[in-house]
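Enquirer: My questions will all concern the structure given below.
The values are calculated or read from the model by the stated rules, or taken from the named source; none is laboratory data. Small disclaimer: the values here were computed from a predicted structure and weren't measured. Reconstructed Cβ throughout: ideal geometry from the backbone, glycine too, with neighbour counts over all protein chains shown. In case anyone asks, the SASA skips ligands and DNA or RNA and just uses the protein heavy atoms, side chains included. Shrake-Rupley method; radii C 1.70, N 1.55, O 1.52, S 1.80 Å.
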Amino acid sequence: MLSNKEIFETIDMVEKEHLDVRTITMGISLIPCIRESAKDTAQACYDRICSYAENIVKVGDALEKEYGIPIVNKRVSITPASLLTANFSGQETVLAKKLDDAAKNVGVDFLGGYSALVQKGMTAYERSFIESIPEALAITDRVCSSVNVGSSKSGINLDAVALMGEIVKRTAKRTEATDGFGCAKLVVFCNAVEDNPFMAGAFHGVGEAEKVINVGVSGPGVVHYALKNNPDADISQIAEIIKKTAFKITRAGQLIASEASRRLNAEFGIVDLSLAPTPVMGDSVAHILEEIGLERVGTHGTTACLALLNDAVKKGGVMASSKVGGLSGAFIPVSEDYGMIEGARCGELTLNKLEAMTAVCSVGIDMVAIPGDTSAETISAIIADEAAIGMINNKTTAVRVIPVPNKGVGDFVEFGGLLGRAPIMAVQKASAAKFIRRGGKIPAPIHSNKN
Amino acid sequence: MKAVVTVIGKDKPGIIASVSGLLAEHSVNIEDISQTIMSGNFTMLMYADLKNSDLSLAALADLLNDLGKRIGVSIHVQHEDIFNAMHKI
(Lines give C-alpha, C1' and ligand atoms only; values in the text may rest on other atoms or scores of the structure.)
Protein backbone atom coordinates (compact mmCIF):
# COMPACT_ATOMS: atom_id res chain seq x y z
CA MET A 1 0.00 0.00 0.00
CA LEU A 2 1.03 3.57 -0.58
CA SER A 3 2.34 5.53 2.35
CA ASN A 4 0.72 8.78 3.43
CA LYS A 5 3.99 10.51 2.71
CA GLU A 6 3.90 9.40 -0.91
CA ILE A 7 0.33 10.52 -1.37
CA PHE A 8 0.91 13.94 0.11
CA GLU A 9 4.12 14.28 -1.89
CA THR A 10 2.08 14.00 -5.08
CA ILE A 11 -0.54 16.43 -3.77
CA ASP A 12 2.18 18.94 -2.89
CA MET A 13 3.77 18.56 -6.31
CA VAL A 14 0.52 19.66 -7.92
CA GLU A 15 -0.62 22.20 -5.35
CA LYS A 16 2.64 23.95 -4.51
CA GLU A 17 5.22 22.97 -7.12
CA HIS A 18 3.34 23.35 -10.43
CA LEU A 19 3.52 19.70 -11.53
CA ASP A 20 1.56 19.36 -14.71
CA VAL A 21 1.32 17.57 -18.00
CA ARG A 22 2.23 20.42 -20.31
CA THR A 23 0.57 19.10 -23.41
CA ILE A 24 -1.33 16.26 -24.98
CA THR A 25 -0.66 16.57 -28.68
CA MET A 26 -2.47 14.55 -31.31
CA GLY A 27 -0.41 13.96 -34.44
CA ILE A 28 -2.58 13.49 -37.53
CA SER A 29 -1.47 12.39 -40.97
CA LEU A 30 -3.05 14.58 -43.62
CA ILE A 31 -1.46 12.91 -46.64
CA PRO A 32 -4.82 11.33 -47.66
CA CYS A 33 -6.31 14.85 -47.79
CA ILE A 34 -4.26 16.03 -50.77
CA ARG A 35 -6.53 17.18 -53.61
CA GLU A 36 -6.02 19.09 -56.85
CA SER A 37 -7.13 22.48 -55.57
CA ALA A 38 -6.37 24.59 -52.52
CA LYS A 39 -10.03 24.76 -51.54
CA ASP A 40 -10.65 21.02 -51.71
CA THR A 41 -7.41 20.15 -49.90
CA ALA A 42 -8.12 22.67 -47.14
CA GLN A 43 -11.64 21.31 -46.68
CA ALA A 44 -10.44 17.69 -46.55
CA CYS A 45 -7.77 18.64 -43.96
CA TYR A 46 -10.35 20.53 -41.93
CA ASP A 47 -12.75 17.58 -41.95
CA ARG A 48 -10.11 15.09 -40.91
CA ILE A 49 -8.76 17.23 -38.05
CA CYS A 50 -12.26 17.94 -36.76
CA SER A 51 -13.14 14.27 -36.83
CA TYR A 52 -9.92 12.82 -35.39
CA ALA A 53 -9.41 15.46 -32.70
CA GLU A 54 -13.07 15.98 -31.89
CA ASN A 55 -12.72 14.68 -28.34
CA ILE A 56 -9.18 15.72 -27.44
CA VAL A 57 -10.23 18.59 -25.17
CA LYS A 58 -13.00 16.58 -23.52
CA VAL A 59 -10.68 13.63 -22.85
CA GLY A 60 -7.91 15.91 -21.60
CA ASP A 61 -10.26 17.63 -19.17
CA ALA A 62 -11.64 14.31 -17.93
CA LEU A 63 -8.15 12.90 -17.31
CA GLU A 64 -7.19 16.06 -15.45
CA LYS A 65 -10.13 15.65 -13.14
CA GLU A 66 -9.77 11.91 -12.54
CA TYR A 67 -6.04 11.84 -11.91
CA GLY A 68 -5.76 15.27 -10.32
CA ILE A 69 -2.90 16.35 -12.58
CA PRO A 70 -3.43 19.57 -14.54
CA ILE A 71 -3.19 19.07 -18.29
CA VAL A 72 -2.33 22.54 -19.45
CA ASN A 73 -2.62 22.30 -23.24
CA LYS A 74 -4.31 20.13 -25.80
CA ARG A 75 -2.82 20.46 -29.26
CA VAL A 76 -2.73 19.06 -32.75
CA SER A 77 0.24 18.49 -35.04
CA ILE A 78 -0.08 17.67 -38.72
CA THR A 79 1.92 16.39 -41.68
CA PRO A 80 4.36 19.12 -42.83
CA ALA A 81 1.99 21.35 -44.76
CA SER A 82 4.46 22.01 -47.60
CA LEU A 83 3.78 18.43 -48.70
CA LEU A 84 0.06 19.16 -48.89
CA THR A 85 0.26 22.39 -50.88
CA ALA A 86 2.51 21.25 -53.75
CA ASN A 87 -0.43 21.22 -56.20
CA PHE A 88 -1.39 24.83 -55.62
CA SER A 89 1.71 26.94 -55.04
CA GLY A 90 0.83 30.55 -54.38
CA GLN A 91 -2.42 29.70 -52.59
CA GLU A 92 -0.97 28.08 -49.47
CA THR A 93 -2.66 30.47 -47.08
CA VAL A 94 -6.05 29.03 -48.04
CA LEU A 95 -4.94 25.93 -46.16
CA ALA A 96 -3.47 27.98 -43.27
CA LYS A 97 -6.79 29.71 -42.68
CA LYS A 98 -8.70 26.46 -42.72
CA LEU A 99 -6.22 24.84 -40.30
CA ASP A 100 -6.82 27.75 -37.95
CA ASP A 101 -10.57 27.19 -38.23
CA ALA A 102 -10.08 23.48 -37.45
CA ALA A 103 -7.97 24.29 -34.37
CA LYS A 104 -10.68 26.64 -33.13
CA ASN A 105 -13.40 24.12 -33.87
CA VAL A 106 -11.82 21.33 -31.82
CA GLY A 107 -10.71 23.78 -29.12
CA VAL A 108 -6.95 23.28 -29.16
CA ASP A 109 -4.77 26.30 -28.36
CA PHE A 110 -2.20 25.62 -31.09
CA LEU A 111 -1.90 23.55 -34.23
CA GLY A 112 1.63 22.82 -35.42
CA GLY A 113 2.91 21.66 -38.75
CA TYR A 114 2.72 24.59 -41.12
CA SER A 115 6.17 23.29 -41.87
CA ALA A 116 8.75 22.46 -44.50
CA LEU A 117 11.78 20.19 -44.37
CA VAL A 118 14.48 21.61 -46.62
CA GLN A 119 17.70 20.50 -44.95
CA LYS A 120 19.21 19.07 -48.12
CA GLY A 121 17.46 21.01 -50.84
CA MET A 122 14.45 23.12 -51.61
CA THR A 123 11.91 22.43 -54.33
CA ALA A 124 10.00 25.23 -56.06
CA TYR A 125 6.83 24.36 -54.15
CA GLU A 126 8.71 24.40 -50.85
CA ARG A 127 10.16 27.82 -51.59
CA SER A 128 6.69 29.08 -52.43
CA PHE A 129 5.39 27.53 -49.21
CA ILE A 130 8.09 29.16 -47.08
CA GLU A 131 7.37 32.52 -48.73
CA SER A 132 3.75 32.14 -47.52
CA ILE A 133 4.69 31.78 -43.84
CA PRO A 134 4.59 35.49 -42.83
CA GLU A 135 1.10 35.91 -44.28
CA ALA A 136 -0.07 32.57 -42.85
CA LEU A 137 1.07 33.54 -39.35
CA ALA A 138 -0.50 36.98 -39.65
CA ILE A 139 -3.95 35.81 -40.71
CA THR A 140 -4.20 32.92 -38.24
CA ASP A 141 -4.23 32.81 -34.45
CA ARG A 142 -3.36 29.23 -33.60
CA VAL A 143 -1.28 27.91 -36.48
CA CYS A 144 2.42 27.33 -35.75
CA SER A 145 5.14 27.02 -38.33
CA SER A 146 8.57 25.43 -38.47
CA VAL A 147 11.26 24.92 -41.07
CA ASN A 148 14.10 22.41 -40.84
CA VAL A 149 17.23 23.84 -42.46
CA GLY A 150 19.90 21.34 -41.47
CA SER A 151 20.70 17.90 -40.12
CA SER A 152 23.71 15.88 -38.99
CA LYS A 153 23.14 13.58 -41.92
CA SER A 154 22.81 16.14 -44.68
CA GLY A 155 24.56 19.28 -43.47
CA ILE A 156 23.14 22.80 -43.45
CA ASN A 157 21.21 24.32 -46.34
CA LEU A 158 22.65 27.84 -46.28
CA ASP A 159 20.23 28.99 -48.98
CA ALA A 160 17.37 28.03 -46.66
CA VAL A 161 19.12 29.69 -43.72
CA ALA A 162 19.40 32.92 -45.72
CA LEU A 163 15.75 32.73 -46.72
CA MET A 164 14.61 32.10 -43.15
CA GLY A 165 16.37 35.26 -41.91
CA GLU A 166 14.21 37.16 -44.41
CA ILE A 167 11.07 35.24 -43.45
CA VAL A 168 11.54 36.00 -39.75
CA LYS A 169 11.93 39.70 -40.58
CA ARG A 170 8.87 39.69 -42.83
CA THR A 171 6.82 37.87 -40.21
CA ALA A 172 7.76 40.51 -37.63
CA LYS A 173 6.84 43.30 -40.05
CA ARG A 174 3.56 41.64 -41.02
CA THR A 175 2.60 41.28 -37.34
CA GLU A 176 4.01 44.67 -36.31
CA ALA A 177 0.80 45.67 -34.52
CA THR A 178 1.33 42.84 -32.01
CA ASP A 179 5.08 43.44 -31.50
CA GLY A 180 6.05 40.81 -34.05
CA PHE A 181 4.01 38.11 -32.33
CA GLY A 182 3.97 36.02 -35.51
CA CYS A 183 7.64 35.18 -34.86
CA ALA A 184 6.67 33.50 -31.57
CA LYS A 185 4.88 30.91 -33.72
CA LEU A 186 7.83 30.25 -36.04
CA VAL A 187 10.78 27.94 -35.33
CA VAL A 188 13.83 27.24 -37.48
CA PHE A 189 15.28 23.81 -36.76
CA CYS A 190 18.32 21.69 -37.30
CA ASN A 191 17.65 17.96 -36.75
CA ALA A 192 13.92 18.54 -36.25
CA VAL A 193 12.15 15.57 -34.67
CA GLU A 194 8.99 14.05 -36.10
CA ASP A 195 7.20 13.37 -32.81
CA ASN A 196 7.71 16.57 -30.83
CA PRO A 197 4.55 17.43 -28.85
CA PHE A 198 5.69 20.96 -27.94
CA MET A 199 4.89 24.14 -29.83
CA ALA A 200 5.74 26.01 -31.86
CA GLY A 201 7.86 23.28 -33.44
CA ALA A 202 5.50 20.30 -33.46
CA PHE A 203 4.71 18.55 -36.72
CA HIS A 204 3.61 15.02 -37.54
CA GLY A 205 6.41 13.33 -39.48
CA VAL A 206 5.79 11.24 -42.57
CA GLY A 207 7.25 8.20 -40.80
CA GLU A 208 4.53 8.37 -38.17
CA ALA A 209 1.26 6.45 -37.85
CA GLU A 210 -2.10 7.88 -38.87
CA LYS A 211 -3.20 9.21 -35.49
CA VAL A 212 -0.80 9.40 -32.57
CA ILE A 213 -0.81 10.82 -29.07
CA ASN A 214 2.42 12.41 -27.86
CA VAL A 215 2.64 13.85 -24.38
CA GLY A 216 5.00 16.46 -22.97
CA VAL A 217 5.53 16.42 -19.22
CA SER A 218 6.85 19.29 -17.21
CA GLY A 219 7.74 20.18 -13.68
CA PRO A 220 10.71 22.50 -13.17
CA GLY A 221 9.08 23.61 -9.92
CA VAL A 222 9.10 20.06 -8.58
CA VAL A 223 12.81 19.64 -9.29
CA HIS A 224 13.54 23.06 -7.79
CA TYR A 225 11.65 22.18 -4.62
CA ALA A 226 13.41 18.81 -4.28
CA LEU A 227 16.80 20.53 -4.49
CA LYS A 228 15.74 23.20 -2.04
CA ASN A 229 15.04 20.47 0.51
CA ASN A 230 18.62 19.24 0.15
CA PRO A 231 20.72 22.39 0.49
CA ASP A 232 23.91 20.57 1.46
CA ALA A 233 23.90 17.82 -1.14
CA ASP A 234 27.08 17.43 -3.17
CA ILE A 235 26.81 17.57 -6.94
CA SER A 236 26.51 13.80 -7.44
CA GLN A 237 23.65 13.74 -4.95
CA ILE A 238 22.06 16.65 -6.84
CA ALA A 239 22.10 14.55 -10.00
CA GLU A 240 20.48 11.66 -8.13
CA ILE A 241 17.72 13.87 -6.71
CA ILE A 242 16.94 15.24 -10.17
CA LYS A 243 16.85 11.72 -11.62
CA LYS A 244 14.42 10.48 -9.00
CA THR A 245 12.19 13.51 -9.39
CA ALA A 246 12.21 13.24 -13.19
CA PHE A 247 11.24 9.59 -12.84
CA LYS A 248 8.13 10.43 -10.84
CA ILE A 249 7.11 13.28 -13.13
CA THR A 250 7.52 11.12 -16.20
CA ARG A 251 5.55 8.23 -14.74
CA ALA A 252 2.62 10.60 -14.32
CA GLY A 253 3.04 11.61 -17.98
CA GLN A 254 3.27 7.99 -19.09
CA LEU A 255 0.01 7.14 -17.33
CA ILE A 256 -1.81 10.12 -18.85
CA ALA A 257 -0.35 9.37 -22.29
CA SER A 258 -1.42 5.74 -22.34
CA GLU A 259 -4.88 6.55 -21.00
CA ALA A 260 -5.34 9.45 -23.43
CA SER A 261 -4.37 7.32 -26.42
CA ARG A 262 -6.73 4.56 -25.34
CA ARG A 263 -9.67 6.93 -24.94
CA LEU A 264 -8.94 8.76 -28.18
CA ASN A 265 -8.45 5.55 -30.10
CA ALA A 266 -5.00 6.66 -31.21
CA GLU A 267 -1.59 5.10 -31.11
CA PHE A 268 0.54 5.96 -28.07
CA GLY A 269 3.48 7.80 -29.60
CA ILE A 270 6.00 9.06 -27.09
CA VAL A 271 6.46 10.86 -23.81
CA ASP A 272 8.71 13.89 -24.14
CA LEU A 273 10.79 14.14 -20.97
CA SER A 274 11.04 17.85 -20.76
CA LEU A 275 11.33 20.49 -18.12
CA ALA A 276 9.23 23.21 -19.70
CA PRO A 277 8.98 26.41 -17.71
CA THR A 278 6.14 28.92 -17.54
CA PRO A 279 6.46 32.61 -16.70
CA VAL A 280 4.92 32.18 -13.25
CA MET A 281 7.05 32.21 -10.12
CA GLY A 282 8.05 28.70 -9.01
CA ASP A 283 8.01 27.11 -12.47
CA SER A 284 11.43 28.14 -13.75
CA VAL A 285 14.34 26.15 -15.15
CA ALA A 286 16.65 29.09 -14.39
CA HIS A 287 15.75 28.86 -10.72
CA ILE A 288 16.87 25.21 -10.65
CA LEU A 289 20.28 26.29 -11.94
CA GLU A 290 20.37 29.06 -9.35
CA GLU A 291 19.40 26.57 -6.64
CA ILE A 292 22.37 24.42 -7.62
CA GLY A 293 24.55 27.38 -6.74
CA LEU A 294 24.57 30.20 -9.26
CA GLU A 295 23.85 33.69 -8.03
CA ARG A 296 22.15 34.43 -11.34
CA VAL A 297 21.50 32.36 -14.44
CA GLY A 298 23.89 33.27 -17.24
CA THR A 299 26.97 33.57 -15.09
CA HIS A 300 29.99 31.27 -15.43
CA GLY A 301 29.01 27.74 -14.46
CA THR A 302 25.57 27.97 -16.06
CA THR A 303 26.44 25.63 -18.92
CA ALA A 304 27.84 23.00 -16.54
CA CYS A 305 24.80 23.09 -14.26
CA LEU A 306 22.47 22.90 -17.24
CA ALA A 307 24.37 19.93 -18.70
CA LEU A 308 23.97 18.07 -15.43
CA LEU A 309 20.28 18.95 -15.20
CA ASN A 310 19.52 17.96 -18.77
CA ASP A 311 21.30 14.63 -18.48
CA ALA A 312 19.75 13.73 -15.14
CA VAL A 313 16.25 14.51 -16.45
CA LYS A 314 16.81 12.12 -19.36
CA LYS A 315 18.25 9.37 -17.15
CA GLY A 316 15.39 9.58 -14.67
CA GLY A 317 12.74 9.85 -17.33
CA VAL A 318 13.92 7.15 -19.68
CA MET A 319 13.13 4.34 -17.27
CA ALA A 320 9.75 5.80 -16.45
CA SER A 321 8.36 5.67 -19.95
CA SER A 322 7.99 2.84 -22.42
CA LYS A 323 8.51 5.18 -25.36
CA VAL A 324 10.64 8.28 -25.08
CA GLY A 325 10.97 10.80 -27.86
CA GLY A 326 10.40 14.37 -28.90
CA LEU A 327 12.96 16.82 -27.63
CA SER A 328 13.39 15.43 -24.11
CA GLY A 329 15.50 17.79 -22.08
CA ALA A 330 15.39 21.13 -20.30
CA PHE A 331 13.87 24.02 -22.23
CA ILE A 332 15.31 27.49 -21.90
CA PRO A 333 12.83 29.85 -23.58
CA VAL A 334 13.74 33.28 -22.26
CA SER A 335 10.32 34.98 -22.26
CA GLU A 336 8.60 31.94 -20.76
CA ASP A 337 10.81 31.53 -17.71
CA TYR A 338 10.68 33.88 -14.74
CA GLY A 339 14.34 33.34 -13.87
CA MET A 340 15.55 33.66 -17.46
CA ILE A 341 13.65 36.95 -17.84
CA GLU A 342 15.37 38.26 -14.71
CA GLY A 343 18.77 37.01 -15.88
CA ALA A 344 18.34 38.74 -19.23
CA ARG A 345 16.93 41.90 -17.69
CA CYS A 346 19.90 42.43 -15.42
CA GLY A 347 22.34 41.66 -18.23
CA GLU A 348 23.86 38.49 -16.76
CA LEU A 349 22.26 36.27 -19.40
CA THR A 350 23.40 37.22 -22.90
CA LEU A 351 22.67 35.78 -26.31
CA ASN A 352 26.19 34.36 -26.47
CA LYS A 353 25.76 32.52 -23.17
CA LEU A 354 22.41 31.20 -24.34
CA GLU A 355 24.11 29.84 -27.42
CA ALA A 356 26.59 27.93 -25.26
CA MET A 357 23.73 26.60 -23.14
CA THR A 358 21.97 25.24 -26.21
CA ALA A 359 24.92 22.94 -26.84
CA VAL A 360 24.01 20.95 -23.73
CA CYS A 361 20.23 21.04 -23.59
CA SER A 362 17.14 21.12 -25.74
CA VAL A 363 16.42 23.14 -27.74
CA GLY A 364 17.92 26.43 -28.77
CA ILE A 365 17.74 30.19 -28.87
CA ASP A 366 14.10 30.15 -27.88
CA MET A 367 11.68 33.03 -27.39
CA VAL A 368 14.41 35.63 -27.47
CA ALA A 369 13.41 39.19 -28.32
CA ILE A 370 16.02 41.09 -30.30
CA PRO A 371 16.09 44.69 -31.62
CA GLY A 372 13.62 45.35 -34.43
CA ASP A 373 16.34 46.78 -36.66
CA THR A 374 18.38 43.54 -36.59
CA SER A 375 19.19 42.65 -40.19
CA ALA A 376 17.89 39.53 -41.91
CA GLU A 377 21.50 38.42 -42.43
CA THR A 378 22.24 38.66 -38.70
CA ILE A 379 19.17 36.55 -37.92
CA SER A 380 20.33 34.05 -40.55
CA ALA A 381 23.75 33.98 -38.93
CA ILE A 382 22.19 33.27 -35.52
CA ILE A 383 20.29 30.42 -37.20
CA ALA A 384 23.48 29.16 -38.86
CA ASP A 385 25.35 29.09 -35.54
CA GLU A 386 22.58 27.15 -33.84
CA ALA A 387 22.25 24.74 -36.76
CA ALA A 388 26.01 24.14 -36.62
CA ILE A 389 25.79 23.22 -32.93
CA GLY A 390 22.97 20.80 -33.70
CA MET A 391 24.64 19.32 -36.76
CA ILE A 392 27.99 18.66 -35.11
CA ASN A 393 26.53 17.39 -31.83
CA ASN A 394 23.79 15.18 -33.34
CA LYS A 395 21.08 17.00 -31.47
CA THR A 396 18.06 19.15 -32.21
CA THR A 397 18.67 22.87 -32.11
CA ALA A 398 16.30 25.67 -32.99
CA VAL A 399 15.94 29.39 -33.27
CA ARG A 400 12.79 31.26 -32.33
CA VAL A 401 13.74 34.94 -32.18
CA ILE A 402 11.43 37.91 -32.35
CA PRO A 403 12.93 41.06 -33.91
CA VAL A 404 10.44 43.33 -32.17
CA PRO A 405 9.48 46.17 -34.50
CA ASN A 406 10.37 49.66 -33.26
CA LYS A 407 12.00 48.38 -30.09
CA GLY A 408 15.61 48.25 -29.00
CA VAL A 409 17.86 47.03 -26.19
CA GLY A 410 16.45 48.15 -22.84
CA ASP A 411 12.82 47.85 -23.95
CA PHE A 412 10.47 45.07 -22.88
CA VAL A 413 7.93 43.18 -24.95
CA GLU A 414 4.82 41.48 -23.56
CA PHE A 415 3.35 38.45 -25.31
CA GLY A 416 1.05 37.40 -22.49
CA GLY A 417 -0.03 34.01 -21.21
CA LEU A 418 2.40 31.12 -21.46
CA LEU A 419 4.55 33.06 -23.93
CA GLY A 420 5.39 35.60 -21.25
CA ARG A 421 7.45 38.76 -21.53
CA ALA A 422 11.03 39.48 -22.48
CA PRO A 423 13.64 42.21 -22.45
CA ILE A 424 15.10 42.98 -25.86
CA MET A 425 18.55 41.37 -25.91
CA ALA A 426 21.55 42.75 -27.76
CA VAL A 427 22.96 41.05 -30.86
CA GLN A 428 26.54 41.37 -32.12
CA LYS A 429 27.21 44.48 -34.18
CA ALA A 430 29.54 43.22 -36.92
CA SER A 431 27.98 41.91 -40.14
CA ALA A 432 27.90 38.30 -41.31
CA ALA A 433 26.15 39.26 -44.55
CA LYS A 434 28.90 38.09 -46.88
CA PHE A 435 28.90 34.61 -45.32
CA ILE A 436 25.12 34.29 -45.53
CA ARG A 437 24.93 35.58 -49.11
CA ARG A 438 27.41 33.00 -50.35
CA GLY A 439 24.60 30.46 -50.46
CA GLY A 440 25.10 26.75 -51.06
CA LYS A 441 25.33 24.01 -48.46
CA ILE A 442 27.56 23.43 -45.46
CA PRO A 443 28.64 19.80 -45.97
CA ALA A 444 27.58 17.17 -43.46
CA PRO A 445 30.21 16.46 -40.82
CA ILE A 446 32.57 13.50 -41.15
CA HIS A 447 30.80 11.58 -38.39
CA SER A 448 27.60 11.51 -40.46
CA ASN A 449 29.28 8.86 -42.59
CA LYS A 450 28.31 5.86 -40.52
CA ASN A 451 27.10 3.39 -43.13
CA MET B 1 -12.52 1.79 -9.31
CA LYS B 2 -10.37 2.79 -6.35
CA ALA B 3 -9.74 6.42 -5.52
CA VAL B 4 -7.80 8.32 -2.91
CA VAL B 5 -9.55 11.17 -1.12
CA THR B 6 -7.34 13.70 0.62
CA VAL B 7 -8.49 16.50 2.87
CA ILE B 8 -6.17 19.27 4.03
CA GLY B 9 -7.12 22.30 6.10
CA LYS B 10 -7.62 23.88 9.47
CA ASP B 11 -8.92 21.41 12.05
CA LYS B 12 -12.51 21.80 13.25
CA PRO B 13 -15.34 19.49 14.30
CA GLY B 14 -17.33 17.69 11.61
CA ILE B 15 -14.86 17.40 8.72
CA ILE B 16 -14.85 13.61 8.67
CA ALA B 17 -18.63 13.53 9.15
CA SER B 18 -19.31 15.79 6.17
CA VAL B 19 -16.90 13.99 3.82
CA SER B 20 -17.95 10.48 4.78
CA GLY B 21 -21.61 11.55 4.73
CA LEU B 22 -21.29 12.71 1.13
CA LEU B 23 -19.51 9.51 0.16
CA ALA B 24 -22.19 7.35 1.82
CA GLU B 25 -24.94 9.27 0.06
CA HIS B 26 -23.46 8.20 -3.26
CA SER B 27 -22.61 4.61 -2.26
CA VAL B 28 -18.90 5.17 -2.20
CA ASN B 29 -17.36 2.62 0.14
CA ILE B 30 -14.54 3.74 2.43
CA GLU B 31 -11.93 0.99 2.69
CA ASP B 32 -9.32 2.70 4.80
CA ILE B 33 -9.07 5.99 6.60
CA SER B 34 -6.31 7.78 8.45
CA GLN B 35 -6.13 11.18 9.96
CA THR B 36 -3.36 13.22 11.48
CA ILE B 37 -2.25 16.76 12.21
CA MET B 38 0.74 17.66 10.03
CA SER B 39 2.52 20.96 10.69
CA GLY B 40 -0.61 22.38 12.28
CA ASN B 41 -2.86 21.24 9.44
CA PHE B 42 -5.63 18.69 9.59
CA THR B 43 -4.88 16.02 7.00
CA MET B 44 -7.08 13.09 6.21
CA LEU B 45 -6.63 10.32 3.74
CA MET B 46 -9.26 7.86 2.59
CA TYR B 47 -9.18 4.93 0.24
CA ALA B 48 -12.54 4.77 -1.47
CA ASP B 49 -14.18 2.28 -3.79
CA LEU B 50 -16.55 3.70 -6.43
CA LYS B 51 -17.65 0.30 -7.74
CA ASN B 52 -21.27 0.70 -6.62
CA SER B 53 -21.46 4.45 -6.78
CA ASP B 54 -23.91 6.35 -8.95
CA LEU B 55 -21.21 8.92 -9.65
CA SER B 56 -18.24 9.00 -11.98
CA LEU B 57 -14.92 9.97 -10.46
CA ALA B 58 -15.10 13.34 -12.21
CA ALA B 59 -18.56 14.05 -10.83
CA LEU B 60 -17.48 13.04 -7.34
CA ALA B 61 -14.46 15.34 -7.66
CA ASP B 62 -16.80 18.27 -8.38
CA LEU B 63 -19.05 17.50 -5.41
CA LEU B 64 -16.13 17.11 -3.02
CA ASN B 65 -14.55 20.28 -4.32
CA ASP B 66 -17.79 22.18 -3.60
CA LEU B 67 -18.04 20.62 -0.16
CA GLY B 68 -14.43 21.62 0.56
CA LYS B 69 -15.23 25.22 -0.31
CA ARG B 70 -18.28 25.19 1.97
CA ILE B 71 -16.44 23.84 5.01
CA GLY B 72 -13.18 25.67 4.34
CA VAL B 73 -10.80 22.80 3.58
CA SER B 74 -9.17 21.54 0.43
CA ILE B 75 -10.50 18.17 -0.80
CA HIS B 76 -9.07 16.14 -3.65
CA VAL B 77 -10.12 12.83 -5.05
CA GLN B 78 -7.83 11.09 -7.50
CA HIS B 79 -7.67 7.73 -9.22
CA GLU B 80 -5.23 5.61 -7.18
CA ASP B 81 -3.27 4.74 -10.33
CA ILE B 82 -1.60 8.15 -10.39
CA PHE B 83 0.02 7.46 -7.00
CA ASN B 84 0.97 3.91 -7.93
CA ALA B 85 2.53 5.17 -11.15
CA MET B 86 4.58 7.83 -9.41
CA HIS B 87 5.69 5.92 -6.35
CA LYS B 88 5.81 2.22 -7.20
CA ILE B 89 7.95 0.47 -9.78
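Enquirer: Within the set of pairs 6+ apart or on separate chains, which have a first residue in segment B:43-66 that is without any contact (Cβ under 8 Å) to a residue 40 or more places away in the chain, a second that is open to solvent by 20 Å² or more (accessible area, probe 1.4 Å) and among the acidic types (D, E), and C-beta atoms under 8 Å apart?
Expert: Every condition considered, the pairs that remain are B:A58/A:E66; B:A61/A:E66.
Enquirer: Only one of B:D54, B:D62 is under 21 Å from A:D20 (Cβ atoms) and open to solvent by 40 Å² or more (accessible area, probe 1.4 Å). Can you tell me which?
Expert: B:D62
Enquirer: Here's another thing I want to ask about it. Conditions: (1) within 11 Å of chain A (Cβ to nearest Cβ); (2) more than 14 Å from B:G9 (Cα to Cα); (3) under 11 Å from the mean Cα position of the chain (by Cα). B:T43 meets all but one. Number of the miss?
Expert: Unmet for B:T43, out of (1) within 11 Å of chain A (Cβ to nearest Cβ); (2) more than 14 Å from B:G9 (Cα to Cα); (3) under 11 Å from the mean Cα position of the chain (by Cα): (2).
Enquirer: From the residues in segment A:1-56 that are more than 9 Å from chain B (Cβ to nearest Cβ) and of a type in the set (D, E), which one is farthest from A:A252 (Cα to Cα)?
Expert: Looking at residues that are more than 9 Å from chain B (Cβ to nearest Cβ) and of a type in the set (D, E), I get A:E36.
Enquirer: In the set A:A398, A:A422, which member is crowded, with 24+ Cβ neighbours inside 10 Å, touching a strand residue (DSSP E or B) at 6+ places or on another chain (Cβ under 7 Å) and either free of Cβ contacts under 8 Å to residues at least 24 places away in the same chain or farther than 18 Å from A:V161 by Cα (or both)?
Expert: One residue alone meets the criteria, A:A422.
Enquirer: Return yes or no: is A:V215 in a helix (DSSP H, G or I) and either farther than 21 Å from A:I256 by Cβ or in contact (Cβ under 8 Å) with a residue 40 or more places away in the chain (or both)?
Expert: It is false that A:V215 is in a helix (DSSP H, G or I) and either farther than 21 Å from A:I256 by Cβ or in contact (Cβ under 8 Å) with a residue 40 or more places away in the chain (or both).
Enquirer: Go through segment A:87-113 and give me each residue that's open to solvent by 40 Å² or more (accessible area, probe 1.4 Å) and not in a loop (DSSP other than H, G, I, E, B).
Expert: Those that are open to solvent by 40 Å² or more (accessible area, probe 1.4 Å) and not in a loop (DSSP other than H, G, I, E, B): A:N87, A:V94, A:K97, A:K98, A:D101, A:K104, A:N105.
Enquirer: Something else now. Residue under question is A:I242, and the condition is that it be among the hydrophobic types (A, V, I, L, M, F, W, C), open to solvent by less than 50 Å² (accessible area, probe 1.4 Å) and closer than 23 Å to A:L349 by Cα; does it hold?
Expert: Answer is no for this residue.
Enquirer: Give B:I75, B:I37 a once-over and let me know the one that is within 12 Å of another protein chain (Cβ to nearest Cβ) and at negative phi.
Expert: One residue alone meets the criteria, B:I75.
Per-residue answers, yes or no, for (1) surrounded by fewer than 24 Cβ atoms within 10 Å (Cβ to Cβ); (2) basic (K, R); (3) closer than 19 Å to A:A304 by Cβ:
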{"site": "A:K323", "(1), (2), (3)": "yes, yes, no"}
{"site": "A:A330", "(1), (2), (3)": "no, no, yes"}
{"site": "A:G343", "(1), (2), (3)": "no, no, yes"}
{"site": "A:A359", "(1), (2), (3)": "yes, no, yes"}
{"site": "A:E377", "(1), (2), (3)": "yes, no, no"}
{"site": "A:A388", "(1), (2), (3)": "yes, no, no"}
{"site": "A:N394", "(1), (2), (3)": "yes, no, no"}
